[in-house]
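As structure tokens, the structure follows; a few thoughts come after it.
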Amino acid sequence: MWFRKFLTSIFFLILNGCDNQIQIIDKPIIFNQERINLTKEYFKQRYDLNRDTISITPKIIVLHWTVIPTMEKTFEAFNSPYLPSWRPDLENVSGLNVSSQFLVDQDGSIYRLMPENYMARHVIGLNHSSIGIENVGGNDTLPLTDMQVEANIKLVKYLKNKFPTIEYLIGHYEYTNFEGHELWLEVDDNYRTEKVDPGEDFMNSVRKRVKYLNFRKLPN
């Protein structure tokens, strides 16, 4: 397994056709057989999909904020395969812990927490086709930074270049726009949570700089 080969390794990735460089630090969360089994159960319970694999074909990039004030605490929250006891609001939906493929610290450092094409639990209805980018902070006492904006821009460019199947870039607060869309697979009409992350200003800043990538407009 890839997570046994790396504790923390740094890769420098150059985007073709871009003059900027992205540095991604691999810092894998636990992805053992228990987490794989829980992910397969999530496919079945939430999307009515019987899957032999937990790999996805990315269609959407979803930007988030953590509200958790540090990278270390966020990593700790995501690391266990099982949902912690302090998230009873999600426990009845699935025992699979929340997670995201990427985490961006306040200083703009980018951490890859799991393989990009493995399903993470970070957005209702769309996990089966989305890559999540979490940003440390986001509340009034620890707002997202300009360095995080720049890091998200680089990461979005990198992902779009690597996965031409990606069609949408959204903020977490926009996920319900996909209700009724072919990508929306949540089976429970009552399972929704209200989101405001990562904020409209943050999304507008990122969207403006990646406009040339021609992401599709959000469904109504």
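At-a-glance table
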read-out: Odd one out for THR53 among (1) touching a residue at least 40 places away in the same chain (Cβ under 8 Å); (2) more than 16 Å from ASP197 (Cα to Cα); (3) of a type in the set (Val, Ile, Thr); value: (1)
read-out: Cross-chain or 6+ apart pairs with Cβ under 7 Å, region 201-220 first and in contact (Cβ under 8 Å) with a residue 24 or more places away in the chain, then in a loop (DSSP other than H, G, I, E, B); value: PHE202/LEU144; PHE215/GLU167; ARG216/GLU167; PRO219/HIS181
read-out: Residue check, PHE43 among the aromatic types (Phe, Trp, Tyr), part of a loop (DSSP other than H, G, I, E, B), surrounded by 13 or more Cβ atoms within 10 Å (Cβ to Cβ) and modelled with pLDDT of 95 or more; value: no
read-out: Condition check for SER9: surrounded by fewer than 14 Cβ atoms within 10 Å (Cβ to Cβ), modelled with pLDDT of 50 or more and either in contact with a strand residue (DSSP E or B) (Cβ under 8 Å, 6 or more places away or on another chain) or of a type in the set (Lys, Arg) (or both); value: no
read-out: Among residues of region 175-184, those that are surrounded by 17 or more Cβ atoms within 10 Å (Cβ to Cβ) and in contact with a helix residue (DSSP H, G or I) (Cβ under 8 Å, 6 or more places away or on another chain), counted; value: 1
read-out: Which listed residue is closer than 18 Å to VAL98 by Cβ and touching a Pro at 6+ places or on another chain (Cβ under 7 Å), from ASN135, ASN139, ASN127, ASN177; value: ASN135
read-out: Single unsatisfied condition, VAL149 versus (1) of a type outside the set (Lys, Arg); (2) closer than 17 Å to ASP107 by Cα; (3) within 15 Å of the chain's Cα centre (by Cα); value: (3)
read-out: Which numbered condition VAL62 misses (of (1) part of a loop (DSSP other than H, G, I, E, B); (2) buried (at least 20 other Cβ atoms within 10 Å of the Cβ)); value: (1)
read-out: ALA77, sole failed condition from (1) of a type outside the set (Asp, Glu); (2) in contact (Cβ under 8 Å) with a residue 60 or more places away in the chain; (3) out of contact with any helix residue (DSSP H, G or I) (no Cβ under 8 Å at 6 or more places or on another chain); (4) farther than 30 Å from ARG216 by Cβ; value: (2)
read-out: Considering residues of region 144-178 that are assigned to a loop (DSSP other than H, G, I, E, B) and free of Cβ contacts under 8 Å to residues at least 60 places away in the same chain only, the residue nearest to LEU213 (Cα to Cα); value: PRO164
read-out: Qualifying residue in region 85-94 (condition: surrounded by 20 or more Cβ atoms within 10 Å (Cβ to Cβ) and either part of a loop (DSSP other than H, G, I, E, B) or modelled with pLDDT of 95 or more (or both)); value: no
read-out: Candidate set: region 185-209, residues that are more than 16 Å from the chain's Cα centre (by Cα), assigned to a loop (DSSP other than H, G, I, E, B) and of a type outside the set (A, V, I, L, M); chosen: the one surrounded by the most Cβ atoms within 10 Å (Cβ to Cβ); value: GLU186
read-out: Candidates GLN23, GLN33 - the one that is farther than 30 Å from TYR212 by Cα, surrounded by fewer than 19 Cβ atoms within 10 Å (Cβ to Cβ) and modelled with pLDDT of 95 or more; value: GLN33
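The values are calculated or read from the model by the stated rules, or taken from the named source; none is laboratory data. None of these values were measured; they are calculated from a predicted model. Glycine gets a Cβ as well: all are built from the backbone with ideal geometry, and neighbour counts include every protein chain shown.
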